[in-house]
């Protein structure tokens with residue numbers, strides 16, 4: 001049930017003013033109505049016990065109790081953990097494409113409350129071009145939203161050092177970032193690094209339940225970034241499996257022309273993420289979950305995403321072992337490059353990859369379009385594969401194909417291949433010493 005809480009605050013004033021009413025939705029869906037009266041005529045609203053104010057000169061400092069600003073430029077009220085809307089321009093950000101706004105943005109981020117029970121900030125980024133270097137959230141800052149006015153409208157342009165990360169989210173949970181463009185005016189490392197690391201007590205923090213939505217990460221005049229969205233982990237000997245980094249929703253995000261990966265899951269306990277209507281491209285791979293040492297990365301599900309191989313050496317899906325199966329539905333891809341390369345991880349974790357109704361339109365690349373490594377199982381249902389010279393596959397693990405398959409014509413098999421509903425009129429060439437099962441489950445015909 002929605003409740004209404006009425007709070008009246010009276011100030012002793014030098015000049016009379018009309019009462020001001022501020023209505024604030026709180027995190028538990030109550031509504032707080034705050035009525036202020038009186039103004040001292042000098043430096044904002046006069047402070048009383050339990051009330052903090054801002055004089056427009058030295059930034060906004062939230063404290064326990066009630067914090068107040070004059071309401072003229074976007075900052076409302078914090079009342080014992082209620083919601084606070086903050087406009088970055090109130091802290092000196094210009095958004096004029098000339099001024100370095102790094103300090104202003106970082107000052108706002110530093111306000112985020114680390115104790116997840118006490119904060120529900122919403123940071124507004126109005127229309128503009130904001131020049132920023134590296135930005136990061138305080139350790140364990142959670143329950144906040146960063147929101148612009150739209151892709152191509154609210155633009156953050158990276159001007160930091162070459163290879164430095166643009167935005168790092170440290171041990172954050174239940175947060176949202178949306179409606180922005182992140183543009184690498186200088187070459188960046190990771191555009192968004194979702195980092196799980198040691199917290200202030202030396203223990204591993206928790207990262208989860210986040211949302212990235214409507215975020216564009218394009219290349220800028222030939223300059224780009226190494227990786228788009230990255231789930232990573234450091235601390236405790238950089239163990240891949242020490243703790244959780246999970247349950248992020250990534251919707252309508254576009255990370256394109258990355259030097260290495262469009263999106264990368266580089267943490268074994270990075271689990272249960274969902275990608276929806278996204279577009280990724282990278283010169284090494286569009287989607288990756290292999291860590292630098294070859295050990296297993298995270299798992300995810302993807303729906304209606306577009307992957308665009310940039311060059312013949314690019315790979316759409318570069319995947320290794322994961323604790324849970326990876327499921328990809330309605331994938332669309334077109335361009336030169338390999339469809340997938342899978343391998344057994346260096347720490348022995350196996351991979352189960354499920355592709356449902358994928359469409360691969362690929363060029364001739366001089367090597368197998370599908371490279372299914374040892375310790376991996378790839379299951380494809382109702383897929384469409386097309387290349388002007390035919391689709392080829394190399395199988396050292398297991399490849400299971402059910403339904404249509406386009407012009408798949410050559411398989412080097414040293415593992416296990418099973419094809420159901422095979423069109424007998426289509427040419428199919430096999431080589432290698434692996435086991436092959438071809439049949440039609442509709443008719444019961446089976447050929448080994």
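The values are calculated or read from the model by the stated rules, or taken from the named source; none is laboratory data. Keep in mind that what you see is a predicted model, and the values were worked out from it rather than measured. Don't worry about glycine lacking a Cβ; one is built from the backbone with ideal geometry, like all the others, and counts go over all protein chains shown.
Side notes on the structure shown:
- Segment 408-435, subset assigned to a strand (DSSP E or B) and modelled with pLDDT of 90 or more, residue surrounded by the fewest Cβ atoms within 10 Å (Cβ to Cβ): 431
- Single condition residue 309 does not satisfy, out of (1) free of Cβ contacts under 8 Å to residues at least 40 places away in the same chain; (2) surrounded by 17 or more Cβ atoms within 10 Å (Cβ to Cβ): (1)
- Evaluation of residue 405 against (1) at pLDDT below 85; (2) assigned to a strand (DSSP E or B) (one fails), failing number: (2)
- One residue stands out among those in segment 286-343 that are more than 21 Å from the chain's Cα centre (by Cα) and under 17 Å from residue 397 (Cβ atoms): the one that is modelled with the lowest pLDDT, which is 294.
- Residue match in segment 363-374 (condition: surrounded by fewer than 22 Cβ atoms within 10 Å (Cβ to Cβ), out of contact with any strand residue (DSSP E or B) (no Cβ under 9 Å at 6 or more places or on another chain) and touching a residue at least 12 places away in the same chain (Cβ under 8 Å)): yes
- Selection from segment 176-192 of residues that are over 17 Å from residue 105 (Cα atoms) and surrounded by 23 or more Cβ atoms within 10 Å (Cβ to Cβ): 188, 190
- In segment 134-145 there is at least one residue that is within 17 Å of residue 180 (Cα to Cα) and modelled with pLDDT of 95 or more.
- Residues that are over 22 Å from the mean Cα position of the chain (by Cα) and modelled with pLDDT of 90 or more, drawn from segment 94-126: 94, 95, 96, 97, 98, 99, 100, 101, 103, 104, 107
- Filtered residues of segment 320-355 (kept if under 18 Å from residue 391 (Cα atoms) and assigned to a strand (DSSP E or B)): 332, 333, 334, 335, 338, 339, 340, 341, 342, 355
- So residue 75, is it modelled with pLDDT under 90, assigned to a loop (DSSP other than H, G, I, E, B) and more than 22 Å from the chain's Cα centre (by Cα): yes
- Single condition residue 134 does not satisfy, out of (1) over 22 Å from residue 221 (Cα atoms); (2) under 20 Å from the mean Cα position of the chain (by Cα): (1)
- Contacts under 7 angstrom Cβ, first residue in segment 84-96 being on the phi < 0 side of the Ramachandran plot and assigned to a helix (DSSP H, G or I), partner at pLDDT below 90 and surrounded by fewer than 20 Cβ atoms within 10 Å (Cβ to Cβ), 6 or more apart: 90/73; 90/74; 91/59
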